[in-house]
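Take a look at the structure set out below.
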């Protein structure tokens, strides 16, 4: 929880600094157009990746398999899409890393390890 609070303070401060620098460097209107276009592109990519992941999960369930990998992809896509819809260049970069399949393959093992640690520490309970 401490880290979340720190991120809620640090990330907006960094975003504001980068936006101010961008506004001074390329101008206000190009900066606004970049922010709007990354939001639109992010929404399109999140929808496309999300639908593809949903199809994979349905196919895995149809064959009696647990869609664990598809669920991790879905979590990454949801978080990445949220970051891409958030105005700012730093959040767009984080969202893009979570949304693109090659970089998502690097993130998923870290996410899985975090979830397993939370289960081991009984911060997450699985009910059968």
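Which of (1) at pLDDT 90 or above; (2) over 19 Å from residue 82 (Cα atoms) does residue 2 not meet, given it meets every other one?
Only one criterion is unmet by residue 2, namely (1).
Evaluate the following for residue 7: is it on the phi < 0 side of the Ramachandran plot, in contact (Cβ under 8 Å) with a residue 40 or more places away in the chain and part of a helix (DSSP H, G or I)?
no
Residue check: is residue 92 within 10 Å of the chain's Cα centre (by Cα) and in contact (Cβ under 8 Å) with a residue 24 or more places away in the chain?
yes
Which condition number in (1) under 30 Å from residue 12 (Cα atoms); (2) touching a helix residue (DSSP H, G or I) at 6+ places or on another chain (Cβ under 6 Å) is the one that residue 67 fails?
(1)
The values are calculated or read from the model by the stated rules, or taken from the named source; none is laboratory data. On a predicted model such as this, the values are computed, not experimentally measured, just so you know. No Cβ is skipped: glycine too gets one built from the backbone with ideal geometry, and neighbour counts run over all protein chains shown.
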